[in-house]
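FYI, it's all coordinate maths here, none of it is from the lab. It should be emphasised that the depicted structure is a prediction, and the values quoted were computed from it without experimental measurement. Note: ideal-geometry Cβ built from the backbone for every residue, glycine included; neighbour counts use all protein chains shown.
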Amino acid sequence: MTQGFDLAASLARGVDGRRGAWSFVQGFAAHWADGLKDGDGWADADLAEAEERLGVRLPAALREAYLLFGRRQDLTSNHDELLGPAALYVDDAGEALVFRHENQGAASWGILLGSLRDDDPAVCVRPDLADKSAERWENWLERTSLCFVEIILSESLQADEERCDYLDADDDTIGILEKNAVRLPFPVYPAGQEHGSRWFLGQDVLLREDDGAAVLARGRTAADLDRVRELIPGDWLNG
């Protein structure tokens, strides 16, 4: 619980569907960043222009995310980039509508064209490989709204060095994390994989564990982050 915002409970509702997802984003922004306000989203006209240019209809969940907070780069683009409506595109193979890029071009996220008719379609990721013939769209998360919850969470870990940090992990690190933080109700991803990224909550500290190899942390304050550094010892990048 953080000043009236129960992150775990709100996240559980956000995982269930679109309405809960947008409510979670609003609550998280209000208590962990700057609250949402008018003008944080793109206009309907911007999305309509993108649809006309692309010749496709944007899924409801994608439209809702862009309308609500699509212009808030501090929530969506601290590390990876959420594309604006004018930058949305269909990949060269004509397989997917691309809406997000990894910050060094190592991957892209998109929705398969055959799924655009769904209100809240699955999101796929495609790595940028040296062997282009080996590139494939792979499962990421089962719904677009869920993907945007993940975007908000992950980009919060890259907000600033004062409140965010990174630690190379080992089995001992993960054991301490699991003992001292609460596992959040977000599915392991990429979808369909037994091991991947998991989310945890400490005392006013949000943490993501990536397949046992790394832990990323974001405190609501610098003091909160210092506390988790003491709790989980190691060579923290910014500590």
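Report the gain in length on full extension from Glu178 to Asp92: 0.36 nm times residue separation, minus Cα-Cα distance, nm rounded to one decimal. Write out the running numbers ahead of the final one.
Working: separation 86, 0.36 × 86 = 30.96 nm, distance 4.24 nm.
Taking 0.36 nm per residue and subtracting the Cα distance, the gain is 26.7 nm.
Order 97-110, 190-203 from most to least packed using the mean count of other Cβ atoms within 10 Å. The partial results should precede the final answer.
Working: 97-110: 17.8, 190-203: 15.6.
The most tightly packed comes first, giving 97-110, 190-203.
Convex hull volume of the Cα atoms in region 7-151, per residue, in Å³?
Value for region 7-151: 104 Å³ per residue.
Among Asp118, Asp204, which comes first, second and so on when ranked by fewest other beta-carbon atoms within 10 Å? Let's see the in-between values first.
Details: Asp118 15, Asp204 20.
Ordered from fewest to most neighbouring Cβ atoms within 10 Å, Asp118, Asp204 come out as Asp118, Asp204.
If you place +1 on the Cβ of every Lys and Arg, -1 on the Cβ of every Asp and Glu, and leave all else neutral, what size is the dipole of the chain about its Cα centre, to the nearest 20 Debye? It would help to have the intermediate numbers written out before the result.
Numbers: 24 positive and 46 negative charges, 157 e Å.
So the magnitude is around 760 debye.
If the only charges are +1 at each Lys and Arg Cβ and -1 at each Asp and Glu Cβ, what is the size of the charge dipole of region 37-156 around the Cα centre, to the nearest 20 debye? Before the final figure, lay out the partial values.
On the way: 12 positive and 25 negative charges, 15 e Å.
Result for region 37-156 is approximately 80 debye, rounded to the nearest 20.
Ala60 versus Ala223, label points 7 Å from Cα toward the beta carbon: distance in nm?
The answer from the label model is 4.5 nm.
What FRET efficiency, computed as 1/(1 + (r/R0)^6) with R0 = 35 Å and r the Cβ-Cβ distance, is obtained for Arg117 and Asp160, rounded to the nearest 0.05?
Numbers: r = 40 Å, r/R0 = 1.14.
Efficiency, rounded to the nearest 0.05: 0.30.
Using +1 at the C-beta of Lys and Arg and -1 at the C-beta of Asp and Glu, which of His79, Ser108, Phe69 has the Cα lying farthest in the positive direction of the dipole of region 7-151?
Farthest along the dipole direction, towards plus: Phe69.
Positive end of the dipole of region 188-228, charges at C-beta (+1 Lys, Arg; -1 Asp, Glu), about the Cα centre: which of Leu225, Leu207, His195 has its Cα farthest in that direction?
The Cα lying farthest towards the positive end belongs to Leu225.
Using Cβ counts within 10 Å as a stand-in for footprinting exposure, how do Tyr66, Tyr166 rank, fewest first? Walk me through the numbers on the way to the answer.
Details: Tyr66 26, Tyr166 19.
Ranked by crowding around the Cβ, least crowded first: Tyr166, Tyr66.
For each of Val188, Val215, count neighbouring Cβ atoms within 10 Å of the residue's Cβ, then give the residues from fewest to most. Let's see the in-between values first.
Numbers: Val188 15, Val215 24.
Least crowded to most crowded, the residues run Val188, Val215.
Once Rh is set to the Kirkwood radius over Cα pairs, what Stokes-Einstein translational diffusion coefficient, in µm²/s, holds for region 175-224 at a temperature of 10 °C and a viscosity of 1.306 mPa s? Walk me through the intermediate numbers first.
Working: Rh = 11.3 Å.
It comes out at roughly 140 µm²/s.
Which loop trypsin sites (Lys or Arg not before Pro) in region 1-46, with loop taken from DSSP, have no more than 11 other Cβ atoms within 10 angstrom of their Cβ?
Taking region 1-46 and a limit of 11 other Cβ atoms within 10 Å, the loop trypsin sites (Lys or Arg not before Pro) found are Lys37.
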